[in-house]
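Enquirer: Please see the structure below; I have some questions.
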Amino acid sequence: MPVINTHDPERQEIVSRRTVLFGGGVSLLFVGIAGRLYQLQVADYEKYQDLAQDNQFNRRVLTPLRGEIIDRFGNSLASNRKNFRILLIPEQSRDVNGTLDKLSKYIPVTDEKRARIIREIRRRGAFTPVEIKNNLSWPDFSRVNFELPHLAGVLPDVGETRDYPLGEASAFVIGYVGAVTDKDLSTQEGDDDRTLLRQPGFKVGRDGLERTYEKELRGHAGKMNVKINAHGRVIEELSDEATPPVQGKTLTLTIDAELQQKATKELEGESAAAVVMDTVTGDILVLASTPAFNPNDFNVGIDAGLWKELTNSPYKPLLNKPLSGIYPPGSTFKVVSAIAAQASGVKPSQTAHCSGKVWYGNRFFHCWKRGGHGTLDMKGALKHSCDVYFYEIAKKLEVDILAGVARKFGLGQTYELGVPGQKKGIIPDRAWKQQYFAGQPENQPWFQGETLSVIIGQGYVTSTPLQLCVMAARVASGRAVRPRLVRAVGDLVLPEPTAPMIDVDQDYLKVVRDGMNAVTNEYGTAARSRLEDPNWQLAGKTGTSQVYRITAEDRAKGLAKPEDLPWERRDHALFVCYMPYENPRYACSVVIEHGIGGARAAGPKAREIMRAVAAKNPAARTPIDPRNLVQRATHRREG
């Protein structure tokens, strides 16, 4: 075994050099550690203290209550109610699928819903509550609470959800709310708005006023700090430091909830629409459409079977008929035609003989009364709704004059109501036809025979029930009254629309009013629709618009009359009116799809609606003052 010579000078020099290098390295390491400790604990103390505080506290969003929607007298049309729901905190569950299996014994959890829950957990994280089921009944909610010791991670919660007390009666006025989509998130202007919309169960307006006034109704979110542990679990809520949310603004409407329900009930069983307006202020008191959907069904998540039923129904329950339903106005248009005729020089005393038909061009134009009406003046033509009288006028009447008068009285235009989907309808004139047949030059000229159809509300002309009600209101008042639906947003009362006098000779209107009065009160076409109360004398005009022309082949099959045809081929029934005759205050229009006759189907419905209006007389009652409403500042917490 060799012996190391420890006294070797060269060997000792090497050992000494290594010792110095090692010691120096260790010293530098300790200096670095000491410097880093100084930086962390002294130099950057405030920075890391702030970060530690951020790790200790988290900010939770407090969801605001949605603003309420009320009628003119303060009755609720859209409010918030308790929402019994079940949440799941994945981190506390440990076995999510096992918990869902147990939970499905008490509330249904479909495979589709289970997959959605798993996706939400992956997206939100294990510590964020995920909604399992909302709008539970009290018995179901109680049952889950009773079994809670066996359901790890399940959290019963009482929140708020939208409620529509009138159900179907208010569907097309109010609209409904629905779940937030990615498109909704992408359209938000700020991070705070996007954060609010991401809260579990948050809903946004999907139709009607809920959609148009989404920003005002949504309100402003509040904030609350919560103390969390190292695993992100909440261990304390610091409510003393919370910023409370602000409830959305209240919308005050012109609608009368009681009359709205009455009109909807009156139209029950029909595919129909009704509109009632104040002829002085333009306030819409009734905007009814039947059948309709129940907005509460959409709020809780509509069943696939119900959705299919709604979309496939021939009665079109998803169509807002007062604003979006397009119908030939039929003989209700004759009130406009009579004004246009006088503006063209026709005297009210001028007569025409009706034998039941008149020849023009290469065919007969028939009156609705096959045997004819005999000799009539203008008032008599309106009273009996004689087609031949107006055919004779139409032979020389310039269609552009007729169209101009129709527009003055509210047809062919839309109005700012806040409800989307409103249609303009068609008031044809020469320019319209040139544009409509832009690719067919041979069809662009206006033929006088087309005026014969338009003057009785057929042919190209179409309108909405709202427009017909505006027409009746303007005939009654002589003013360009404009309809409105929203009285106030929060405490901001909106000004009434101006209603200047219509640029037409008032004597022309008197002739039309006398004719409409004769329709109901002098044994005209709507004698059965008169009101017995002399203080509420009703003046009206019937209308029947052709949907299908009966052919010789149909007659050979025994289908000689409209009532013999299938429902979808029958004529539409229309009626417009106002009251009182001497001092007009309310106007109304009613359309019954495929109701055949205005006098038989639409007139009696309008009479009952107007009878209810007269009994209540909303214009004589003081509406609620929106400035005195108290906004609630409560909130709901998401788990």
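Please treat every number below as a calculation from the coordinates, not as lab data. Remember, it's a predicted structure, so these values are computed and weren't measured experimentally. Note: ideal-geometry Cβ built from the backbone for every residue, glycine included; neighbour counts use all protein chains shown.
Enquirer: Measure out, as a whole number of angstrom, how far apart the alpha-carbon centroids of the stretch 300-360 and the stretch 574-619 sit.
Expert: What the calculation gives is 15 Å, centre to centre.
Enquirer: By how many degrees, 0 to 90 and rounded to 10, does the Cα axis of helix 603-616 deviate from the longest principal axis of the chain?
Expert: 70
Enquirer: Net charge near Leu492: determine it from the other residues with C-beta under 15 Å of the C-beta of Leu492, scoring Lys and Arg +1 and Asp and Glu -1.
Expert: On the way: positive: Lys215, Lys249, Arg484, Arg487, Arg627; negative: Glu216, Asp491, Glu496, Asp625.
Net charge in that neighbourhood comes out at +1.
Enquirer: Another question, if that's okay. Considering only the other residues whose Cβ falls under 12 Å of the Cβ of Trp536, what net charge follows from Lys and Arg at +1 and Asp and Glu at -1? If you can, show how the numbers build up before the last one.
Expert: Details: positive: Arg530, Arg585, Arg607, Arg611, Lys616; negative: Glu532, Asp533, Glu582.
For residues surrounding Trp536, the net value is +2.
Enquirer: Based on the Cβ-Cβ distance of Arg621 and Leu29, what FRET efficiency does E = 1/(1 + (r/R0)^6) give at R0 = 56 Å, to the nearest 0.05? Let's see the in-between values first.
Expert: Working: r = 89 Å, r/R0 = 1.59.
So, using R0 = 56 Å, E works out to roughly 0.05.
Enquirer: Moving on. How about the stretch 314-375: which trypsin sites (Lys or Arg not before Pro) there lie in a loop by DSSP and see at most 11 other Cβ atoms within 10 Å?
Expert: Values: sites: Lys334, Lys357, Arg363, Lys369, Arg370; in loops: Lys369, Arg370.
Hits after loop and neighbour filter: Arg370.
Enquirer: Then there is this: Karplus couplings for the stretch 389-400 from phi (6.51 cos²θ - 1.76 cosθ + 1.60, θ = phi - 60°), rounded to Hz, Gly and Pro as x?
Expert: Values, residue by residue: 4, 6, 4, 4, 5, 5, 4, 10, 6, 6, 5, 5 Hz.
Enquirer: Ignoring everything except DSSP H segments at least 4 long, calculate the 222 nm mean residue ellipticity for the chain; use -39,500 (n - 2.57) per segment, divide by total residues, nearest 500.
Expert: Numbers: 25 runs with 228 residues, N = 639.
Helix-only estimate at 222 nm: -10000 deg cm²/dmol.
Enquirer: Compute the helix-to-body angle for 334-343: its Cα long axis versus the longest principal axis of the chain, expressed 0 to 90° and rounded to tens.
Expert: 60
Enquirer: Which is the longest run of the chain containing none of the GluC sites (Glu not before Pro) found in DSSP loop states (not H, G, I, E, B) with at most 14 other C-beta atoms within 10 Å?
Expert: On the way: sites that count: Glu147, Glu189, Glu268, Glu416, Glu522, Glu532, Glu582.
That would be 269-415.
Enquirer: Check which residues have an amide H placed less than 5 Å from Ala272's amide H, if you skip close sequence neighbours.
Expert: Excluding prolines and chain starts, which carry no amide H, the hits are Thr290, Glu593.
Enquirer: Report which label in (i) 0.95; (ii) 1.24; (iii) 1.18 holds the value of Rg/Rh (Cα atoms, Kirkwood Rh) derived from the coordinates of this structure.
Expert: (ii)
Enquirer: Nearest 10 degrees is fine. How inclined is helix 45-56 to the longest principal axis of the chain, computing both from alpha carbons?
Expert: 60
Enquirer: Next up: To the nearest 0.05, how large is the calculated FRET efficiency for Glu268 and Ile401 if R₀ is 51 Å and r is the Cβ-Cβ distance? Present the calculation step by step, with values, prior to reporting the outcome.
Expert: Numbers: r = 41 Å, r/R0 = 0.81.
Between Glu268 and Ile401 the formula returns 0.80.
Enquirer: On a full-extension model of 0.36 nm per residue, what is the gain between Asp505 and Glu442, subtracting their alpha-carbon distance, rounded to one decimal in nm? Present the calculation step by step, with values, prior to reporting the outcome.
Expert: Numbers: separation 63, 0.36 × 63 = 22.68 nm, distance 3.77 nm.
Result: 18.9 nm gained on full extension.
Enquirer: So what J values fall out for the stretch 103-120 if you push phi through Karplus, 6.51 cos²θ - 1.76 cosθ + 1.60 with θ = phi - 60°, rounded to Hz, Gly and Pro as x?
Expert: 5, 5, 6, 10, 9, x, 10, 6, 4, 5, 5, 4, 5, 5, 5, 4, 4, 5
Enquirer: Got a sec to turn the phi values of the stretch 257-273 into Karplus ³J(HN,Hα) couplings, 6.51 cos²θ - 1.76 cosθ + 1.60 with θ = phi - 60°, whole Hz, x for Gly and Pro?
Expert: These are the phi-based 3J(HN,Hα) values: 4, 5, 5, 4, 5, 4, 5, 4, 5, 5, 8, 4, x, 10, 8, 8, 9 Hz.
Enquirer: Set the bar at 27 Å for Cα to Cα. Now go through Lys262/Lys510; Lys249/Lys605; Lys408/Lys433; Lys347/Lys541; Lys82/Lys102; Lys321/Lys396 and name every pair that lies beyond it.
Expert: Numbers: Lys262/Lys510 31 Å; Lys249/Lys605 36 Å; Lys408/Lys433 20 Å; Lys347/Lys541 21 Å; Lys82/Lys102 25 Å; Lys321/Lys396 35 Å.
Over 27 Å Cα-Cα: Lys262/Lys510; Lys249/Lys605; Lys321/Lys396.
Enquirer: Next question. Lys and Arg at +1, Asp and Glu at -1: add these up for the other residues within a Cβ distance under 14 Å of Glu392 and post the number. Walk me through the numbers on the way to the answer.
Expert: Details: positive: Lys334, Lys347, Lys357, Lys395, Lys396; negative: Asp377, Asp387.
My count for the surroundings of Glu392 gives +3.
Enquirer: Points 7 angstrom from Cα along the Cβ direction at Ile118 and His150: gap in nanometres?
Expert: According to this spin-label approximation, the distance is 2.5 nm.
Enquirer: Sequence-distant or interchain residues sharing an amide H contact under 5 Å with Gly372, placed H: which?
Expert: Long-range HN contacts for Gly372: Gly356.
Enquirer: Report the one residue of Tyr391, Ser355, His366 whose Cα lies farthest in the direction of the positive end of the charge dipole of the stretch 345-466 (charges on C-beta: Lys and Arg +1, Asp and Glu -1; origin at the Cα centre).
Expert: Positive-end residue among those listed: Ser355.
Enquirer: Picking from Leu88, Thr414, Ala476, whose Cα lies most toward the positive end of the charge dipole for the chain (charges on Cβ: Lys, Arg +1; Asp, Glu -1)?
Expert: It is Ala476, whose Cα lies furthest towards the positive end.
Enquirer: With contacts defined as alpha carbon pairs under 8 Å and 6 or more residues apart, what's the relative contact order of the chain in percent? Intermediate values should be presented prior to the final figure.
Expert: On the way: 1296 pairs, mean separation 98.3, N = 639.
Relative CO of the chain lands at 15 percent.
Enquirer: In the stretch 107-168, what trypsin sites (Lys or Arg not before Pro) fall in a loop by DSSP, with at most 14 other Cβ atoms inside 10 Å? Show your work: numbers first, answer last.
Expert: Numbers: sites: Lys113, Arg114, Arg116, Arg119, Arg122, Arg123, Arg124, Lys133, Arg143, Arg162; in loops: none.
Filter output for the stretch 107-168: empty list.
Enquirer: Scan around Ile255 for amide H atoms under 5 Å from its own, H built in the peptide plane at 1.01 Å from N, and keep only partners 5 or more places away or cross-chain.
Expert: Residues meeting the criterion, in which the H sits 1.01 Å from N, are Arg72.
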